[in-house]
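S.K.: The structure's right below; bear with me while I get my questions together.
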Ligand SMILES: Cc1ncc(C[n+]2csc(CCOP(=O)(O)OP(=O)(O)O)c2C)c(N)n1
Ligand SMILES: Cc1ncc(C[n+]2csc(CCOP(=O)(O)OP(=O)(O)O)c2C)c(N)n1
Ligand SMILES: [Mg+2]
Ligand SMILES: [Mg+2]
């Protein structure tokens, strides 16, 4: 899967994940006057994580709208604007606060098109910093993407690189459907190559980040990054892991996973959300009901978040979600089991 | 699993599912002055589905509290009351409205104990009519239990019989943790044997409703009922299905499922919530990472809700969620596949 | 107010004098159409043509009509679970509404939505809503959109007394005010949110009082008086259109039928219902106008007769329409 | 007001005259303790002992202390993300708070919660809250519980100006009013919700005005004047305890530090910050009392000195405390 258009290769520079997101928003706003951003402290403050940055100075307070702290209301306002010709990008300050906006996202945005017989659309993007690792504790560290993956009418993406962040966000803004865009806080400062020109990454396509033959590791968001690092460790031990970055939870590119599993016969899924009923459950179930099932030489293994709210203490916090070494250990374990 | 205490067998009569729930609430309120109910139109109106019925006349408006239409607020009020010595039972009029109350349930009720270092508890029950089949369309028919099964700190139950409804509700009221209690609207009028005396069913125990050797069918809520009926059809065709009623999603009794799968080697999971990232995904994944995996002779099959908001038209509405015949067809299909 | 009209008919209250004959007849027609539409829907329900539930606005027609008929076609509205009147006043075709109630492919929502989700975004009807208070922030968004697009559209947001206790009410009115958006909030205060008397559900008896919290005009009006409703609506709409910001209008009215089809009316008295039945907004307009000698009875009768025919045709259309194809169930989820 | 005190000191404003020397010193001590606690926490953060973020209430001590010190030990409170002051005023042990900030097993939450989740339900501290507005309905529930249990507990609910735009505010105040619950809502209006000036976020300049919507008393008070805050709090608490229902108090104050550790203060001027720094509630109380000749400076100095020692000991305790055991991570999720 090569998303990088060849003629832009010269125009690539290094950007952080946050900068890539900002660039995507800026380019979309330049190209289309109906695109605007709303959210808490996204103006002068530049966003709680600095993602909107200087956009207010470039586009003014009419298109970079600081809102009151009223998540349900601003989500609803975004829905109403999307329904009437605008393309709002809503930033929720932390993805945990989507619990306050859930009604508008799930009962309105996701269902309006269907309820109205296909005669309306809600081109809305909801950007949400999520994940743990910043010591922000239980109410500011969740990964709730699985919730929205469960809701027909929504699309759900989780970029893990600056390149994907820009390309997926531009695709999300173009999309006539509501797209939930989960950003990972620990990735904001990660740097990577990003073309200057606008480009889109098709929502719903996973990407093979590393080819391998011994085990397939599917990761989402930051776990795709950790899976890649783990694969290097495994390679040093003679194990070639194939690493897939899922990128989109809904729609989910199970084909890419099946293809890999047919080759490697072993599957580990790594995700930060709580293990039970998290993204890994769906991947595992999809494989288990597919013909890739017949190729499996070992039980499918899920590495998800522990069954616990996210703790404040940094040691506990790390222990609560999969780390690079956990992935290595899981792979070794799986291959060992398999061999015995 | 025999939950029915022997000495009560004489005191059993037929009650509807709604009556069983009402009886449980009445008995809990008689036994414990800290138990009370709050919700919209639960007083004189008797509840949108008539579940609270005459309780207001028995316990007065102080303990059967009609609330304003303010789901977040009343959920929070229930949390605050639970935190300070009361045992509230919150009725949400339709489970779809939990999207408005999600913040208090997920960020507060579920996490308070952990965030406070184990030094507080939130003995709260949230009762919610859910499911489709009444022509109430997309915003009044969802099955969102998978969301809450994903949240550590919550317990989630789904009774499918009047007997279980009473026993699980009494257990939920006793439980020192927040318990989400999903009722199915189509079951309210279903009759079944219910002992007069109070009794508890341990939360987190599945029950084998029908023994069988050819295929395991795990159902939740009304799907357990449909699975049983489907099993009768299958029996007429010489197929003996083992039917498990999951009853509780969190904690989930995977052991009972594994045991059955080791015996039957085939698994179908039936649930009404949307298939993707629904309860069946978790069951399938749990089996796929267990040693029961080695016993499987066929891919695990999930029968869940279609990837669509619930439609109004009754034909579409039925087509959107598994029906008895779908279960029969799935089983036949699975066994055929297996044999080929 | 046209002073010539006033001069001509000094015995008229200004709200009525202000209305041209055409406007009076248009308002009458819209109210009567809503009434007969709902009565026929109720009848169809009883006969088993409609499943699920429905929320009838019988008795409340003046608030829908008084406000919506004062809008321009390009204006928008958000409606509620009790929204038939809003849709019809906005110009919805009763045939397509019946078809939707009957679950047919030809209905406004292709049979997917039913009574609680009638919408026609093209014509500015941004949809009924099954979620109490759900339309409040959506209306704010529509008004924000109108302002950003530099259109002069106004959005009218209907909601009930019960909805005014939802957090969405507070968030929406505050946003609309700080951003000076062209939205008119119309609370149809019919005294009950399902079984909950406003005296028990709300700390204040008049929802209009809550406008103070949002620094916007708040006015209570007799919601069964279409001329009075229209007068306050015109002021609020003009204000919104002029960029002066939102208003809150409270129409005091009453629903004659139960909350939904399963309501047994335990929470209110027969006397109360009868008293309000006597304040029928449709009869009231007709009688007042006839009493003034402004229009002859046959003008009204002609409207009534035409509506009867329209209803027959509409129901026949709905009955004859095809059901949706279950094979196409999952279409229309994504654009 | 004790008339003998007044007679003795005619140059005092009644709010201050009303306070006994003990109360003055207690209030001073509590405010100073909060101040020094937060300054030491900030220092510990800079030195890397604390991770994550924290929200300091430096400059706002009078609202916490004026209200909470007027409570009984059995009363309860709900707090916010900016809640150190509320906890300390309610009697929290700074050593256990530092331990929590340091992530230690001995902390109030066993290192699980951190600065944003300090709670001690036993002592009536129902918890800080990371969700803006999250405590509002919880306070209503605590007050409902107090009423149902026929205790005479009052619950104080702290929240910010920003929180007052959340739907939870509206739902909570309405419920508290219709049920006449013993709750006192205290808005600490520090002019900003993060970067959002109240002039931009709220349709009304005074949050107290919103009390009208809930038919409860609403009063704005100088939130940097602990005596004034206490006076209005006592009235509201007495009212609540007498079963007369809730009140809304707005304390106008200012946070001297940034919103959190990552704030660069782009949204406000240095002058504004400096101006408010000059209105330090702690210095103000001390100077006013000294100016009146009511108490000698060494009484205050002695308190200051004792606090310094207490802080040293508390920090040492926190440092010396053990970290939680990762093997026990998933304990304490369920009771
Ligand atoms: C969020 C939500 N809560 C509850 C309901 C159930 N419900 C539907 S209508 C209604 C009463 C609404 O009262 P009001 O706003 O006064 O409107 P009315 O029915 O009187 O027109 C209730 C409780 C709902 N549909 N949505
Ligand atoms: C529901 C929710 N939305 C947003 C935030 C992020 N946030 C934390 S504090 C804050 C500002 C709160 O302002 P205010 O209520 O005035 O309290 P202050 O910080 O001024 O004490 C914001 C936006 C949050 N924690 N919770
Ligand atoms: Mg009403
Ligand atoms: Mg503030």
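S.K.: Return the Rg/Rh ratio of the range B:150-248 with Cα-based radii and a Kirkwood Rh.
M.R.: Numbers: Rg = 14.5 Å, Rh = 14.3 Å.
Checking Rg against Rh, the ratio lands at 1.01.
S.K.: Between the helical axis of A:254-264 and the dominant principal axis of chain A, each derived from Cα atoms, what acute angle in degrees is found, rounded to the nearest 10?
M.R.: The answer is roughly 20 degrees.
S.K.: I've got another one for you. Tell me the Kirkwood radius of the range D:36-103: reciprocal of the mean inverse pair distance over distinct alpha-carbon atoms, in Å. Mind dumping the intermediate values first?
M.R.: Working: mean 1/r = 0.0794 Å⁻¹.
Computed over the range D:36-103, the radius equals 12.6 Å.
S.K.: Counting partner chain Cβ atoms within 10 Å of every residue's Cβ in A:36-46, what's the average?
M.R.: Per residue, the average neighbour count from other chains is 4.
S.K.: Give, as ranges by residue number, the residues of the range A:297-327 whose backbone N falls under 13 Å from the point 7 Å along Cα→Cβ of residue A:236.
M.R.: Only A:325 fall inside the zone, counting backbone N under 13 Å.
S.K.: Also, I was wondering about something else. Since chains C and D are linked by a rotation, which residue in C has the beta carbon closest to its axis, and how far is it in Å?
M.R.: Checking which Cβ lies nearest the axis yields C:167, 1.
S.K.: A follow-up question, please. If I fit a long axis through the Cα atoms of helix A:222-236 and take the longest principal axis of the Cα atoms of chain A, what angle between them do I get, 0 to 90°, rounded to 10?
M.R.: Long axis of A:222-236 versus the principal axis of chain A: about 30 degrees.
S.K.: I would also like to ask the following. Post the alpha-carbon centroid distance, the range C:43-122 to the range B:27-77, in whole angstrom.
M.R.: 33
S.K.: Related question: Can you list, shortest first in nanometers, how far residue A:240 lies from the same residue in the other copies, with each label 7 Å from Cα toward Cβ?
M.R.: Counterpart label points of residue A:240 in the remaining copies fall at 4.9 nm.
S.K.: Take every Cα-Cα distance within the range D:1-144, group them into 10 Å bins from 0 onward, and report for each bin the whole-number percent of pairs it holds.
M.R.: Whole-percent P(r) values from 0 Å outward: 12, 38, 30, 14, 6, 1.
S.K.: On to the next question. Which of D:280, D:109, C:157 has the fewest other C-beta atoms within 10 Å, and how do the rest follow up to the most? Mind dumping the intermediate values first?
M.R.: Details: D:280 19, D:109 34, C:157 31.
Least crowded to most crowded, the residues run D:280, C:157, D:109.
S.K.: Could I ask something else about it? Sorted from shortest, what are the nm distances separating the label point of residue B:196 from equivalent points in the other copies, each placed 7 Å from Cα along Cα to C-beta?
M.R.: 8.6
S.K.: So for chain D, averaging the separation of alpha carbon pairs under 8 Å that are six or more residues apart and normalising by length, what relative contact order in percent results?
M.R.: Computed over chain D, the figure is 22 percent.
S.K.: Principal axis extents for the range B:13-195, Cα atoms only, whole Å, descending order, please.
M.R.: Answer, in whole Å and largest first: 45, 37, 29 Å.
S.K.: Another question, then. Using the Cα atoms of the range B:232-340 to build a convex hull, what is its mean projected area in square nanometres? Please report the intermediate quantities before stating the final value.
M.R.: Numbers: hull surface 30.2 nm².
That works out to 7.6 nm².
S.K.: For an R0 of 45 angstrom, estimate the FRET efficiency from the Cβ-Cβ distance between residue D:241 and residue C:296 and round to the nearest 0.05.
M.R.: Efficiency, from the Cβ-Cβ distance: 0.10.
S.K.: Using label points projected 7 Å from each Cα along Cα→Cβ, tell me how many nm separate residue B:336 and residue B:119, to one decimal.
M.R.: Roughly 6.4 nm, to one decimal.
S.K.: What's the average, rounded to a whole number, of partner chain beta-carbon atoms within 10 Å of each residue's beta-carbon in D:207-217? Walk me through the numbers before you get to the answer.
M.R.: Details: counts 1, 0, 4, 6, 3, 7, 13, 6, 5, 1, 0.
Mean shielding count: 4.
S.K.: If you project the alpha carbons of the range B:77-125 onto the principal axes, what extent comes out on each, in Å, largest first?
M.R.: In descending order, the Cα extents are 32, 19, 12 Å.
S.K.: Would you mind classifying the protein assembly as shown by shape? Square roots of the alpha carbon gyration tensor eigenvalues, ordered a ≥ b ≥ c; an a/c under 1.5 is rounded, otherwise it is prolate if a/b is larger than b/c and oblate if not.
M.R.: Working: a/c = 1.38, a/b = 1.00, b/c = 1.37.
Judged from the Cα gyration tensor, the protein assembly as shown comes out rounded (a/c under 1.5).
S.K.: Starting from the coordinates of the alpha-carbon atoms of chain D, obtain the Kirkwood hydrodynamic radius over all distinct pairs and give the value in Å to one decimal. Don't skip to the answer; put the middle values down first.
M.R.: Details: mean 1/r = 0.0493 Å⁻¹.
Here the Kirkwood hydrodynamic radius works out to 20.3 Å.
S.K.: Can you put D:194, A:128, A:223 in order of Cβ neighbours within 10 angstrom, beginning with the fewest?
M.R.: So the ranking, lowest neighbour count to highest, is D:194, A:128, A:223.
S.K.: Express as a percent, rounded to the nearest 5, the fraction of DSSP beta bridges in the range A:207-339 (both residues included) that run antiparallel. Numbers along the way, then the final one.
M.R.: Details: 3 of 16 bridges.
Here the share of antiparallel DSSP bridges comes out near 20 percent.
S.K.: Report the FRET efficiency, 1/(1 + (r/R0)^6), for residue C:283 and residue C:74, where r is their Cβ-Cβ distance and R0 is 30 Å, rounded to 0.05.
M.R.: Working: r = 32 Å, r/R0 = 1.08.
After rounding, the FRET efficiency stands at 0.40.
S.K.: Could you please rank B:83, B:303, placing first whichever residue has the fewest other Cβ atoms within 10 Å of its Cβ?
M.R.: In increasing order of surrounding Cβ atoms, one gets B:303, B:83.
S.K.: Sticking with this one: Based on the alpha-carbon set only, what is the convex hull volume of the range D:192-335 divided per residue, in Å³? Intermediate results must be reported in sequence, preceding the final value.
M.R.: Values: hull volume 34.5 nm³, N = 144.
That works out to 239 Å³ per residue.
S.K.: Taking the 0 to 90 degree range and rounding to the nearest ten, how far is the long axis of helix A:162-174 tilted relative to the main principal axis of chain A, both from C-alpha atoms?
M.R.: 50
S.K.: Quantify how strongly other chains surround peptide D:193-200 by giving the mean number of their Cβ atoms within 10 Å of each of its Cβ atoms.
M.R.: Taking all residues of D:193-200 together, the mean is 5.
S.K.: Turning to a different aspect of this structure: Over chain A, what is the relative contact order in whole percent, taking alpha-carbon pairs under 8 Å and six or more residues apart? It would help to have the intermediate numbers written out before the result.
M.R.: Details: 767 pairs, mean separation 54.5, N = 340.
The value is 16 percent.
S.K.: Same structure, new question: Taking one equal scatterer on every alpha-carbon of chain A, how large is log10 of I(q)/I(0) by Debye at q = 0.08, 0.15 1/Å?
M.R.: -0.36, -1.25
S.K.: With bins 10 Å wide starting at 0, give me the P(r) of the range D:91-232 over every alpha carbon pair, in whole percents.
M.R.: Each 10 Å bin holds this share of Cα pairs: 11, 35, 36, 16, 1.
Coordinate-derived values only; no laboratory data. In this text the structure is predicted, and so the values were computed from the model without any measurement. All Cβ positions, even for glycine, are placed from backbone atoms using ideal geometry, and neighbour counts span all protein chains on display.
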